[in-house]
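These notes concern the structure reproduced below.
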Amino acid sequence: MSIHVVNEAKRCLNCKRPLCKEGCPISTPIPEMIQTFLNAELDGAGEMIFDNNPLSIVCSLICDHDKQCEGHCILGKKGVPVHISSIEHYISDTYFDKRKARRNPAKGKKAAVIGSGPAGITIAIILAKRGYDITIFDSKEKIGGVLRYGIPEFRLPKTILDRYHKKLMEFGIKIRPNTSIGGALEIDDLFRDGYRAIFVGTGVWRPRKLGVKGESFGNVHFAIDYLCNPDSYQLGERVAVIGAGNAAMDVARTALRKGVKHVTVYERSFKAAASPREIEYAKVDGVEFEYCKEIVELTETGPVFKAIEYDENGDIAAISDTTTHYPADSTIVAISQGPKNKIVSTTTGLEVNSRGLLVANEKGQTTREGIFASGDVVQGARTVVEAVAHSKVVADAMDEYMQSLEAEQLK
């Protein structure tokens, strides 16, 4: 592994205008990282990328590199791009456990982080480093949010998230698992107990329905529910997956690894929404694809579709009058998710849009003072690196807000 990474690093041209950095949503200093690594300063390279992106280990594994850093590498124009993800992963993974959890002097001010997904972890680390007393509240048993309960082990090993749990503790961050804000505890309780600012990063855990007959049958499941704990499901030998995004690919590939013999993905469009790389992996694993299928109903023996025809512009030209039944022991619906409303329904002053997502400005300030939000609960399902990038901005805004409160008190 190390020889491969060193050889890849040596291929970097150290461009004056690094297109790879421009293609990265969080602007990872890729050429500087690589040159520092080649100068035998691995710790320096590791600190550089951790300070820029606390979730660099995770992003090095699950980002859509073909569209981002590697897709912009100049060497990829006429040949093979530098395998930046492997270099970043080697540096991040090697450095992570060695990094000391350095903090500024304690400010004596508390901030709450609701949700321990990518956004919550990012906010917690940044504010803890600046001296704030941070408590994370999470409704699940373990930290990670969608990273742990929505991404399969073969793509993101759970041991990485266990290491993050340890690192959070090293930063002095307190964690309250199995604690759902909006249940026994509400946001007003947190303000009462002295939290100066509250961050909401609860993600999107409510599955989106197809809205067709048969969706409540016992052999029909939702993707996010299945991915939370696939071992609790008995799907049979033949599975239909409706939807063709990255989550659908995770479901299909997981099902095959759990003993399902045949998995077919059905998509309404004429192409899949998942990244080309994820589609390729799914095909290699044995997943089959059926495009241009309009769902009619779900049955206990499989879904029923109508065929769709598209014109040269990609618009629907016709939908067949006839229906076709596709045999399946189980059907999994994978057409995105929305937010749950526990916090909104128990908190005054929080506005949501027509999709149920929290309304927040570019700095993450919601419609109630002192409450901030970012990640999927604001923007809908996005990539991990996008959530981390925006959360850095929100962390700065929360810091500024809490400092302004102190300034007001000193007047």
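Rule-based calculations on the coordinates, nothing more; no lab input. Being a predicted model, the structure only gives us computed values, none of them experimental. Here Cβ is always computed from backbone atoms with ideal geometry, including for glycine, and neighbour counts include all displayed protein chains.
Relative contact order for the chain: 15 percent, from Cα pairs under 8 Å spaced at least 6 residues apart, divided by residue count.
If packing is taken as the average number of other Cβ atoms within 10 Å across a peptide's residues, how do 277-284, 32-39 rank, most packed first? If you can, show how the numbers build up before the last one.
Numbers: 277-284: 16.9, 32-39: 19.1.
Order by mean packing, descending: 32-39, 277-284.
With helices as the sole contributors, the chain gives -11000 deg cm²/dmol at 222 nm; each DSSP H run of n ≥ 4 counts as -39500 (n - 2.57), and the sum is divided by every residue. Pick out, in residue order, every one of the GluC sites (Glu not before Pro) in the stretch 337-411 that is DSSP loop and has at most 13 other C-beta atoms within 10 Å; say none if there are none. Taking the stretch 337-411 and a limit of 13 other Cβ atoms within 10 Å, the loop GluC sites (Glu not before Pro) found are Glu351, Glu362, Glu369.
In order along the stretch 261-270, the phi-based Karplus estimate (6.51 cos²θ - 1.76 cosθ + 1.60, θ = phi - 60°) of 3J(HN,Hα) comes to 8, 9, 10, 10, 9, 10, 10, 6, 7, 8 Hz; Gly and Pro are listed as x. Note on the stretch 342-411 and the stretch 152-171: Cα centroid distance 25 Å, given to the nearest whole angstrom.
For the peptides 113-120, 77-84, 201-208, what is the packing order when you average, over each peptide's residues, the other Cβ atoms within 10 Å and list the highest mean first? Don't skip to the answer; put the middle values down first.
Details: 113-120: 30.2, 77-84: 15.5, 201-208: 23.1.
Averaged packing, sorted descending, gives the order 113-120, 201-208, 77-84.
When only Cα pairs below 8 angstrom with a gap of at least 6 residues are kept, the stretch 209-335 shows a relative contact order of 33 percent.
Going by the alpha-carbon gyration tensor, a ≥ b ≥ c the square roots of its eigenvalues, is the chain rounded (a/c under 1.5) or, if a/c is not under 1.5, prolate (a/b greater than b/c) versus oblate? Cα axes put the chain in the oblate bin. To the nearest ten degrees, helix 276-285 and the longest principal axis of the Cα atoms of the chain are 60 degrees apart.
When each of the peptides 308-316, 68-76 is scored by how many other beta carbons lie within 10 Å of its residues on average, the order from highest to lowest is 68-76, 308-316. What would the Debye equation give as log₁₀ I(q)/I(0) for the stretch 127-264 at q = 0.10, 0.12, 0.19, 0.21 Å⁻¹, counting only Cα atoms as equal point scatterers? Reported log10 I(q)/I(0), two decimals: -0.46, -0.63, -1.14, -1.29.
What does the C-alpha gyration tensor say about the overall shape of the stretch 209-335? Classify as rounded when a/c is under 1.5, otherwise prolate if a/b is larger than b/c, or oblate. It is oblate, given that a/c is not under 1.5 and a/b is not larger than b/c. Proximity of backbone amide H atoms, modeled 1.01 Å from N, is registered between Gly302 and Ala328 at under 5 Å, excluding neighbours fewer than 5 places apart on the same chain. The fraction of all Cα pairs in the stretch 284-411 landing in successive 10 Å bins from 0 to the largest distance is 10, 24, 21, 20, 16, 5, 3, 0, given as whole percents.
Coupling constants for the stretch 104-117 follow from the phi torsions by the Karplus curve (6.51 cos²θ - 1.76 cosθ + 1.60, θ = phi - 60°), and in residue order they are 5, x, 4, 8, x, 10, 9, 9, 9, 10, 9, x, 10, x Hz; glycine and proline get x. Just to confirm my numbers, what's the Cα centroid distance between the stretch 57-80 and the stretch 236-278 in Å? Value for the Cα centre distance between the two parts: 24 Å.
Rounded to a whole number of µm²/s, how large is the Stokes-Einstein D of the stretch 149-214 at 4 °C and 1.567 mPa s, given Rh as the Kirkwood radius over C-alpha pairs? Intermediate results must be reported in sequence, preceding the final value.
Working: Rh = 15.6 Å.
In µm²/s, the coefficient rounds to 83.
Against the main long axis of the alpha-carbon atoms of the chain, helix 246-257 sits at an angle near 70°.
Suppose we look only past 20 Å in the calculated P(r) of the stretch 2-96. What percent of the Cα-Cα pairs does that tail hold? The partial results should precede the final answer.
On the way: 1090 of 4465 pairs.
That tail contains 24 percent of the Cα-Cα pairs.
Which shape class, rounded, prolate or oblate, goes with the stretch 111-191 when its Cα gyration tensor gives a ≥ b ≥ c as root eigenvalues, a/c under 1.5 marks rounded, and past that a/b bigger than b/c marks prolate?
On the way: a/c = 2.34, a/b = 1.30, b/c = 1.80.
Taking the square roots of the gyration eigenvalues as a ≥ b ≥ c, the stretch 111-191 is oblate.
Charge tally around Ala272: other residues with Cβ under 14 Å, Lys/Arg +1 each, Asp/Glu -1 each, net -1.
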